[in-house]
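Peer 1: Here's a structure for you.
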Amino acid sequence: MESTRTGQPKSPTRWIPLPGRAADLRNPVLLGAVLLIVVSLALRALILGDSYFVEDDLTFVGNAYESGLTLDSVTRVHNGHFMPGALTLTWVLSRIAAYDWLLAAGVTFLAQVLLSVLALRLLRSLFGTRPAILLPLTVLLFCPLTIPAFGWWAAAINAVPLQLAMVLALTAQVRFARGEGVRYGRLALMWCVAGMAFSTKGVFVGFLLFAITTAFLGGRGIGWLRSMVHELRRHRRIWGAHVAVMAVYAVIYLVRGQTAFGEGAAVPRPGLALDMVRTMLGRTFPSGAVGGPFTWAPVNATGGSAGPSDAMVVVSWLIVATLVGATVVYRRRASRAWMILAGHLLIVDAVPTVIARGSSAFVSGAEPRYVTDAVVVLMVCLGFALLPAEGEKDAYRRSLPGRSPLALAAVLAAGAYLVASVISIEAYRATLSGDRVRAYLDTVKAELAAAPDDIVIYPTPVPGDIMGPWFDDRRFSHHVLAPLARPILRVRMANPESTHDGKVFGKDGRLRRMSIFGFFQPAPQGRRCLPVTGGAVVFPDVVSRGGPITAGSLSYTAGRASSVTVEVGAERLVVGLRKSAGDLVHFPMRAAGTGVRIVIDDPAAQVCLTGVALGAPIAEGERPPGLPPSPGPDED
């Protein structure tokens, strides 16, 4: 037996067997990959912790409680997105628990875990288990461009499933291209369909598969165009199936486009469209791709937009140019990888975004969510620009520098990228206002839980820092806050009745006494009552907007219980009055039109109308969003 210098027996080395795939963790590459995944998930958990439901999220939850899980409801086009899978997911999670962030964020986080692990599997399938695959993996895991869409639920239900579908489709396509069976070609098609179910951009995944297949996985020695022709001839049925699926999706999208309520695809305004593309491709993507943008401005309800400095943009383009130039010089077919990435950014990200958003001044190319999917393409293309695919011969044009300089350069590049990305991610986290929204919705929930069953709550908009004015009627409490109420209150919030004790939600989420902002007419000076003509008080020029967000109020005295009938157009609404020496009653006004007539139903009741108001419900003491605190239009 071996002995040490002290003469003591040396203990034999023992390996503890690890079960199944866990044994792979002895591989330093896989161990490094797992460490990167864990760190990236920790950063993303912090993002989710500071995020909360906001803007479109509230619309989805409100929709879930206003309609059943029907084919019509899940195939509606929302802001240009046809995403039945995403709408189904939001309906199910909302019905399980309304505004349960732990549930929604947990599903998002689980999808990100799967994406991270499956991206590693894709890279190993393409390039083998070598240290260099950690570079493209790092880009996918830490790229700041993926963070804003990850923390905003409405964007995450598009972006993360799409990225997951892209990775799975590519993995299956690799096996199909290597001759492992046509079932993998069908599986790749299935994952393309899954991507379409969650994002309109999923319709383009088939083109990505075709480009990667013809550029790197087959026909490497016959030229790219000839490889495309060869691939189409060899597998015409599977590619024909891809085209058929795309065509069916396009037809359904066009047919269901009428459900978008004026949103989505439109003729872009040239100036806005050009600025959007220039910002998206010239500033947002290059700065984010290299670990920026470091600064996020302006900040809106969903967080900050990419706001890189001019110096950051210049440095980003220098890094991009150096990387592209170096890889093209050394790596055969590296130019194909960069052409695929450029084509994806232009055709899949820029053009559809311009068509869907290029007519809106509210949307900017500085929003990284429009290029989140391109990060998967960046990962794959960076891998092909640096590394030979499995089985690829003669991958480099010239001899590479020695191992030590390459390893040092790779470590320095990865380290710099990680530091820059973490700085950018943390800077973005500082722009999130999840605590504000969480506090507001928690207050609303508590108020509704304490409210009696007979309370009358009129609709008011939620604060502008939670849902912007572009959401129109969808941002009102009867739609987005009703899911927090018990069923009987939910119905009453959607159908308020006339009442002497109307309530509305204030900007702090508490129920407050109701007032009316808009038209107000008191009794003429020197008179106690509004003049009555032919048994009615008439305002011929008053305009009622109608709908669920218009209400009126009457201040009055009455010698006994009675009623008045409010007439607008063809609508008649009977409003009950009680015996009072001075009282105020509110009533809903669904009819739209010009001219209001208030008929006193019982002249003997000695009803005296001392004031009339018509407009938008508002909490007493508050001003509508965007108005200064100084006196403006009258309030009752």
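Peer 1: For the range 391-421, enumerate the residues that are over 34 Å from the mean Cα position of the chain (by Cα), open to solvent by 60 Å² or more (accessible area, probe 1.4 Å) and among the aliphatic types (A, V, I, L, M).
Peer 2: 400, 406, 408, 411, 412
Peer 1: Which one is farthest from residue 296 (Cα to Cα) among residues in the range 130-146 that are at pLDDT 95 or above and open to solvent by 10 Å² or more (accessible area, probe 1.4 Å)?
Peer 2: Step by step, filter the range 130-146, then rank; the result is 134.
Peer 1: Moving on to the next point. Search the range 506-519 for residues that are farther than 13 Å from residue 462 by Cβ and open to solvent by 20 Å² or more (accessible area, probe 1.4 Å) and pair each with any residue that is modelled with pLDDT of 95 or more and of a type in the set (Phe, Trp, Tyr) when their beta-carbon atoms are under 7 Å apart and the residues are at least 6 apart or on different chains.
Peer 2: These pairs meet every condition: 511/505.
Peer 1: Going through the range 224-233 one residue at a time, which ones are without any contact (Cβ under 8 Å) to a residue 24 or more places away in the chain and surrounded by 12 or more Cβ atoms within 10 Å (Cβ to Cβ)?
Peer 2: 226, 227, 228, 229, 230, 231, 232
Peer 1: Restricting the range 90-104 to residues that are in a loop (DSSP other than H, G, I, E, B) and not small (Gly, Ala, Ser), which is surrounded by the most Cβ atoms within 10 Å (Cβ to Cβ)?
Peer 2: 99
Peer 1: Another question, then. Out of 354, 377, 371, report the one residue that is surrounded by 16 or more Cβ atoms within 10 Å (Cβ to Cβ), out of contact with any Cys (no Cβ under 6 Å at 6 or more places or on another chain) and modelled with pLDDT under 90.
Peer 2: Being surrounded by 16 or more Cβ atoms within 10 Å (Cβ to Cβ), out of contact with any Cys (no Cβ under 6 Å at 6 or more places or on another chain) and modelled with pLDDT under 90 holds for just one of 354, 377, 371, which is 354.
Peer 1: Okay, next question. Please go through the range 441-452 and pick out each residue that is under 28 Å from residue 546 (Cβ atoms) and either assigned to a helix (DSSP H, G or I) or modelled with pLDDT under 95 (or both).
Peer 2: 444, 447, 448
Peer 1: So which residues in the range 422-440 are open to solvent by 40 Å² or more (accessible area, probe 1.4 Å) and in a helix (DSSP H, G or I), if there are any at all?
Peer 2: Within the range 422-440, 422, 423, 426, 429, 435, 436, 438, 439 qualify.
Residue by residue, here is whether (1) open to solvent by less than 30 Å² (accessible area, probe 1.4 Å); (2) not small (Gly, Ala, Ser) holds:
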residue	(1), (2)
196	yes, yes
242	yes, yes
252	no, yes
271	no, no
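Yes or no, residue by residue, for (1) polar (S, T, N, Q); (2) under 34 Å from the mean Cα position of the chain (by Cα):
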site	(1), (2)
152	no, yes
166	no, yes
179	no, no
213	yes, yes
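Peer 1: For residues in the range 524-551 being small (Gly, Ala, Ser) and open to solvent by 70 Å² or more (accessible area, probe 1.4 Å), which is nearest to residue 473 (Cα to Cα)?
Peer 2: 534
Peer 1: Checking the condition part of a helix (DSSP H, G or I), outside the structural domain of residue 481 (by the TED database) and over 16 Å from the mean Cα position of the chain (by Cα), which residue from 87, 126 passes?
Peer 2: Going through 87, 126 in turn, just one is part of a helix (DSSP H, G or I), outside the structural domain of residue 481 (by the TED database) and over 16 Å from the mean Cα position of the chain (by Cα): 126.
Peer 1: Next up: When you look at residue 388, is it open to solvent by 60 Å² or more (accessible area, probe 1.4 Å) and not in a helix (DSSP H, G or I), yes or no?
Peer 2: No; evaluated as a whole, the condition is false for this residue.
Peer 1: Of the residues 301, 311, 321, only one is in contact with a Gly (Cβ under 9 Å, 6 or more places away or on another chain) and within 24 Å of residue 146 (Cα to Cα); which?
Peer 2: None of the other options fit; the residue is 301.
Peer 1: Now, a different point. Report yes if residue 308 is under 19 Å from residue 280 (Cβ atoms) and part of a loop (DSSP other than H, G, I, E, B), otherwise no.
Peer 2: yes
Peer 1: Collect the residues in the range 443-459 that are crowded, with 17+ Cβ neighbours inside 10 Å and under 21 Å from residue 302 (Cα atoms), keeping them in residue-number order.
Peer 2: Across the range 443-459, the qualifying residue is only 444.
Peer 1: Determine which member of the set 149, 165, 156 is in contact with a Cys (Cβ under 9 Å, 6 or more places away or on another chain), open to solvent by less than 20 Å² (accessible area, probe 1.4 Å), part of a helix (DSSP H, G or I) and within 19 Å of residue 202 (Cα to Cα).
Peer 2: The conditions single out 165.
Peer 1: Filter the range 43-89 down to the residues that are aliphatic (A, V, I, L, M), farther than 30 Å from residue 140 by Cβ, open to solvent by 10 Å² or more (accessible area, probe 1.4 Å) and in contact with a helix residue (DSSP H, G or I) (Cβ under 8 Å, 6 or more places away or on another chain) and list them by number.
Peer 2: 69
Peer 1: Tell me, yes or no, whether the range 110-120 has at least one residue that is open to solvent by less than 30 Å² (accessible area, probe 1.4 Å), in a loop (DSSP other than H, G, I, E, B), out of contact with any Cys (no Cβ under 7 Å at 6 or more places or on another chain) and touching a residue at least 12 places away in the same chain (Cβ under 8 Å).
Peer 2: There is no residue in the range 110-120 that is open to solvent by less than 30 Å² (accessible area, probe 1.4 Å), in a loop (DSSP other than H, G, I, E, B), out of contact with any Cys (no Cβ under 7 Å at 6 or more places or on another chain) and touching a residue at least 12 places away in the same chain (Cβ under 8 Å).
The values are calculated or read from the model by the stated rules, or taken from the named source; none is laboratory data. Here the structure is a predicted model, which means the values were calculated and not measured. Here the Cβ is made from the backbone with ideal geometry for all residues, glycine too, and neighbour counts use every protein chain on show. Just so you know, the surface numbers come from the protein's heavy atoms only, side chains and all, with ligands and any DNA or RNA stripped out. Shrake-Rupley method; radii C 1.70, N 1.55, O 1.52, S 1.80 Å.
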